[in-house]
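The values are calculated or read from the model by the stated rules, or taken from the named source; none is laboratory data. From a predicted model like this one, the values you see are computed outputs, not experimental measurements. FYI the Cβ positions are ideal-geometry reconstructions off the backbone, even for glycines, and counts take in every protein chain you see. Keep in mind that these areas ignore ligands, DNA and RNA; they rest on the heavy atoms of the full protein, side chains included. Shrake-Rupley method; radii C 1.70, N 1.55, O 1.52, S 1.80 Å.
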Amino acid sequence: LGRAGGGGTAAALLATGANDCAVRLWDVAEAARGGKQQPVPLCTALQHAARVNALVWSADGAHLFSADGAGVIKRWELLRGTELRCLHSIEKAELLGAPINSLALHPTRQRLLVGTRRHQLVSLDLRLLHVSMRYTGHACGQYHLRATHSPDGRFVVAGSEDGSLFAWSEESGALLVDGRQLGLSGPLLQLAWCQHDHVLAVCGFGPNS
């Protein structure tokens, strides 16, 4: 249930989260050299009390954010390129008890985009640790839907469980694309915005997705 990430370190690192509530750190190159042997994680951190559903690295690879099925977010510091130290937990009343599916860091600001399976999508200010904006309209109650920013940080995009696309102004929360149908027969699960062109790749779940 983890998402890959990394950067800014001597080793190519992969962080994973799992149903056993653990966050694990892996050396990708070492795992590739392992052949048929089962790779061994560099470290295993057991700070969460619920399964870990979402992970995101900071741009410099020095910090990692993880989120769980109880609505709790943890911030980690990477030590010596091989260890994770939990700096603090972020527990917001409106998120507690809601499984967090999606984490995305704003490309230029200290904001964390958080999506839950309680139809919530919010921007969390990481300096003041308060919710700075809420994005409403899409439906997410059963599936692990992901949300992301545009490369310039001006827009937030997310899928909905009916397969439609939503987009908002990141700064104001104004709804710009209100459930545009894309021909998917199931939920729109994941989106990736090209870093250099105005192209958005999406994928869904269903027979024609």
(Q) So if I take the centroid of the Cα atoms in region 88-124 and the same for region 163-180, what is the distance between those two points in Å? (A) 17
Q: Could you work out which residue, out of L96, L129, L105, moves most in a Gaussian network model of the chain, that is, has the largest mean-square fluctuation with Cα springs under 10 Å?
A: L129
Q | Longest site-free stretch - the chain; sites: trypsin sites (Lys or Arg not before Pro), DSSP loop, at most 10 other Cβ within 10 Å | A | 128-209
Q. Where only protein heavy atoms count, and the probe is 1.4 Å, what is the accessible area per residue for region 131-209 in Å²?
A. 51
Q) For semi-axes √(5λ) of the Cα gyration tensor in Å, which listed value, [x] 32, 18, 17; [y] 40, 18, 15; [z] 28, 19, 17, comes from the coordinates shown? A) [z]
(Q) Expected output is a single nm value to one decimal: the length gained when fully extending between R134 and L176, i.e. 0.36 nm times separation in residues minus the C-alpha distance. What is it? (A) 13.7 nm
Q: May I ask you to derive the FRET efficiency for K92 and A192 from their Cβ-Cβ distance with R0 = 25 Å, giving the value to the nearest 0.05?
A: 0.40
Q) What are the ³J(HN,Hα) values, in whole Hz, obtained from phi via the Karplus relation 6.51 cos²θ - 1.76 cosθ + 1.60 with θ = phi - 60°, for each residue of region 112-127 in sequence order, with x given for Gly and Pro? A) 10, 7, 10, x, 10, 8, 10, 6, 9, 9, 9, 9, 9, 6, 7, 7
